[in-house]
1. Working carefully through the options 86, 98, find the one that is surrounded by fewer than 19 Cβ atoms within 10 Å (Cβ to Cβ), in contact (Cβ under 8 Å) with a residue 40 or more places away in the chain and in a helix (DSSP H, G or I).
2. Say we look at region 183-216 and pick out the residues that are closer than 15 Å to residue 28 by Cα and over 17 Å from the mean Cα position of the chain (by Cα); which of these is surrounded by the most Cβ atoms within 10 Å (Cβ to Cβ)?
3. Condition first: under 20 Å from residue 42 (Cβ atoms) and either touching a strand residue (DSSP E or B) at 6+ places or on another chain (Cβ under 7 Å) or crowded, with 20+ Cβ neighbours inside 10 Å (or both). Now tell me which residues in region 217-233 satisfy that.
4. Evaluate the following for residue 6: is it in contact (Cβ under 8 Å) with a residue 60 or more places away in the chain and either more than 13 Å from the chain's Cα centre (by Cα) or more than 19 Å from residue 73 (Cα to Cα) (or both)?
5. Kindly evaluate residue 162 against the criterion of being surrounded by 15 or more Cβ atoms within 10 Å (Cβ to Cβ) and at pLDDT below 95.
6. Kindly indicate which of 79, 5, 57, 21 is surrounded by 20 or more Cβ atoms within 10 Å (Cβ to Cβ), touching a strand residue (DSSP E or B) at 6+ places or on another chain (Cβ under 7 Å) and not in a helix (DSSP H, G or I).
7. When you check residue 7 against the structure, is it under 26 Å from residue 184 (Cβ atoms) and touching a helix residue (DSSP H, G or I) at 6+ places or on another chain (Cβ under 8 Å), yes or no?
């Protein structure tokens, strides 16, 4: 579904991605593991079109998407949950969710909205509250729900457990597991490497803008280097 080939990207004169290549197949959960500043979020932003690609190619569903604007990528099936959630705090929960469907022209938005409230009951209970009144965990659920309202083929999740209490982290990964069971394709960036690799079909390890190793989730969980560097073992 997604093929990233030799992608480089820079901020000004500083190159932060140095020839990144990875693939995500339909129905997979693929985890990208790495330390702060390794380039994980930059890569997701490059895939979603927010961050320019200097060289290399990104292909989605067999098509080169380098010239597609971000909103076109959303309409074609790529949806991102950004780091830090970035919800629209003054708007209500329901308005945030409706904005997730802004590129859609079908008649099923109301049904999908009801599905979000079933998936995230806390959001249904607070649908008329402003999003800024939600707890951190509820805001993360709202950010995921907003992305799902676009009906993506590929969901990009950037640090969904960041800043959350352990019980809320567990809830978030339960939701990711349910999305996986539905067959949604997910590229997950997550510093909680243990939880992320445990749920992943495959994973990549990125260091200073380069992929240094890859394998199944189980292989990376058992890799001594990965365990030492990222799993605290």
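The values are calculated or read from the model by the stated rules, or taken from the named source; none is laboratory data. Keep in mind it's a predicted model, so treat the numbers as computed, not measured. In this analysis, Cβ positions are derived from the backbone assuming ideal geometry, glycine residues included, and neighbour counts consider all displayed protein chains.
1. From the options 86, 98, the qualifying one is 98.
2. From region 183-216, those closer than 15 Å to residue 28 by Cα are 183-189, 196-204, 214-216; that's our starting set.
If we keep only those that are over 17 Å from the mean Cα position of the chain (by Cα) as well, we get 214-216.
Values: 214: 18, 215: 16, 216: 13.
Filtering first and then ranking leaves 214.
3. Within region 217-233, 230 is the sole residue that qualifies.
4. no
5. yes
6. Just one listed residue meets the conditions, 79.
7. yes
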